[in-house]
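Q: One structure is given below, represented as structure tokens, and several questions about it will come after.
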Amino acid sequence: MGLLQLRCLLLFAIAAITGSLVRGYGLSESYYQYTCPQAEAVIQKAVFDELNKDSEPAPGVLRLQLHDCFVEGCDGSVLLDGPYSEKTADANSALDGFEIIDIAKAAVEAVCPGVVSCADVLAYAVRDSVLKMGGEYWEVEAGRKDGLRSDAAQAELYLPSPHFTVTQLIDNFAKKGLSAEQMVILSGAHTVGSAHCDKFVNRLYNYNEQYYTDPTIDPVYADYLRQQCPQTYDNSTEVDNDAVTPELFDSNYYVTLQENKGLFSSDQALLWDDRTSNAVKSLAQDHGKFTKKFGEAMRALAAIEVKTGDEGEIRRCCHEVNH
């Protein structure tokens, strides 16, 4: 073995041991070790402080990550304002949690101005929001640059719909390099949060020529949903995604699917498809397995099409590109 090969193996071993190995996409768990070593702690304190005052935005922060990464990659583009930005897309009409990101960004800017991207602030804040809801810790990789554009049309094109079939979900996630199992695991984010009536009311009335109501819904649960969302519904009404423990980040989402109490047709379909049913049953039985795998899946999600180097910038304000 030559000296160059030996040196490369030694560097690889050191990096693996310290956990600071930089992936091919340019992300690293220790990215801010020298430029802003307090970044992670500052962001976590800001997120925890806000969620201690009001925990309601926590599920919204989690949802922001998927809605960001599926459009233009994980570049904070979902945070940008503008008349045709991703925020204005119908698929993003119910997004919230933006204020938590703004507060965390302001906190880290106060100690390390111009160093930490909004996309990285979001990645840290998502992990910390999950922790506040009872989820498990995972190491966040950083090094993303913020994108320079945000397009509502792209959001409508790429974001998964609550009306998708399992095949559409698998294909949608595969285009982003995520497996069917990772799709099922990330769908577990619906163990927290809520949805407006328009996202599921099609299952309750005039479902098709044969059934008035989607036959895969538990009848008692369907009656409850009709009480919340009558045919002439007020779309400001919100219904918990998880009918068992809606404020706790746990595996009960998968339990609800086995009880035919999945809120979205795309969720309930996971139980009945041979490609996903085993994963649903396995995760329903093992809370620890779900929370561990969720962190792993979030790391994969947060690495989608990231911008590094000269591809983006470090925004001073998450709502607008630098002038």
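Q: Test of understanding: extend the Cα→C-beta vector of S161 to 7 Å, then name every residue of the stretch 211-229 with backbone N under 18 Å from that spot.
A: Flagged as within label range: 214.
Q: Can you give the net charge of the other residues whose Cβ lies under 15 Å from the Cβ of V108, counting K and R as +1 and D and E as -1? Walk me through the numbers before you get to the answer.
A: Numbers: positive: K45, K105, R127, R144, R315, R316; negative: E40, D49, E50, D102, E109, D120, D128, D146.
Residues close to V108 contribute a combined charge of -2.
Q: Another question about this same structure. Quick check: convex hull of the Cα atoms in the chain, volume per residue, rounded to a whole Å³? Walk me through the numbers before you get to the answer.
A: Details: hull volume 49.0 nm³, N = 323.
Cα-based convex hull of the chain, divided per residue, equals 152 Å³.
Q: Can you work out the Karplus-derived ³J(HN,Hα) for every residue in the stretch 125-142? Use 6.51 cos²θ - 1.76 cosθ + 1.60 with θ = phi - 60°, whole Hz, and x for glycine or proline.
A: Each residue of the stretch 125-142 in turn: 5, 4, 4, 5, 5, 5, 4, 5, 8, x, x, 9, 5, 9, 6, 9, 8, 10 Hz.
Q: Could you check the spin-label model distance between Y205 and N235? Points 7 Å from the Cα along Cα→Cβ, value in nm.
A: Placing both labels 7 Å beyond Cα along the Cβ direction yields 1.4 nm.
Q: Kindly write out, for the stretch 190-198 in residue order, the coupling ³J(HN,Hα) from the Karplus curve 6.51 cos²θ - 1.76 cosθ + 1.60 (θ = phi - 60°), rounded to whole Hz, with x marking Gly and Pro.
A: Computed from phi, the couplings for the stretch 190-198 are 6, 6, 10, x, 8, 9, 7, 4, 5 Hz.
Q: When the accessible area of the chain is split by element with a 1.4 Å probe, what percent falls to carbon and sulfur?
A: That fraction is 53 percent.
Q: Can you tell me how the stretch 256-320 classifies by the Cα gyration tensor, rounded, prolate or oblate, using a/c under 1.5 as the rounded cut?
A: Prolate, because a/c is 1.5 or more and a/b exceeds b/c.
Q: Right, next: Would you list K132, K292 from the most to the least accessible area, probe 1.4 Å?
A: Heavy-atom accessible area, descending, gives K292, K132.
Q: Let me know the Rg and Dmax you get for the stretch 186-285 when you use only its Cα atoms, in Å.
A: So, for the stretch 186-285, Rg and Dmax equal 13.2, 39 Å respectively.
Q: Turning to a different aspect of this structure: Where a Cα-Cα gap under 15 Å defines reach, which aspartates and glutamates qualify for K105, not counting those fewer than 8 residues away within the same chain?
A: Hits, sequence-local ones excluded: E40, D49, E50, D75, D120, D128, D146, E313, E320.
Q: For the chain, calculate the relative contact order in percent as a whole number, restricting contacts to Cα pairs under 8 Å that are 6 or more residues apart. Let's see the in-between values first.
A: Values: 525 pairs, mean separation 76.6, N = 323.
Relative CO of the chain lands at 24 percent.
Q: If the cut-off is 27 Å between C-alpha atoms, which lysines fall inside it for K175, apart from same-chain ones fewer than 8 positions away?
A: Qualifying lysines at Cα under 27 Å: K87, K145, K199, K281, K289, K292, K293, K307.
Q: If you don't mind, there's one more thing I want to ask. I need to check one value: relative contact order of the stretch 50-183, counting alpha carbon pairs closer than 8 Å and at least 6 residues apart, in percent.
A: With pairs under 8 Å counted, the relative contact order is 31 percent.
Q: Kirkwood hydrodynamic radius (Cα pairs, Å) of the stretch 61-182?
A: With all distinct Cα pairs of the stretch 61-182 included, I get 15.2 Å.
Q: V321: net charge of surrounding residues, Cβ under 9 Å, Lys/Arg +1, Asp/Glu -1, itself excluded?
A: Charge balance near V321 sits at -1.
Q: Further question: A94 label point, 7 Å along Cα→Cβ, cut-off 20 Å on backbone N: hits in the stretch 157-178?
A: Under 20 Å, as judged by backbone N against the label point of A94, lie 157-166, 169 of the stretch 157-178.
Q: Given R₀ = 51 Å, FRET efficiency for R226-S28 by Cβ-Cβ distance, to 0.05?
A: Efficiency at R0 = 51 Å is approximately 0.50.
Q: Run the numbers on the stretch 69-124 and let me know its relative contact order in percent, using alpha-carbon pairs under 8 Å that are six or more apart.
A: 30 percent
Q: Helix-only mean residue ellipticity at 222 nm, the chain, DSSP H runs n ≥ 4 weighted -39,500 (n - 2.57), per residue, nearest 500. What is it?
A: Here the helix-only value at 222 nm equals -13500 deg cm²/dmol.
The values are calculated or read from the model by the stated rules, or taken from the named source; none is laboratory data. Remember, it's a predicted structure, so these values are computed and weren't measured experimentally. Using ideal geometry, Cβ is built from the backbone for each residue, glycine included, and neighbour counts are taken over all protein chains shown. Side chains are part of the model used for accessible areas, which takes the heavy atoms of the whole protein and leaves out ligands, DNA and RNA. Shrake-Rupley method; radii C 1.70, N 1.55, O 1.52, S 1.80 Å.
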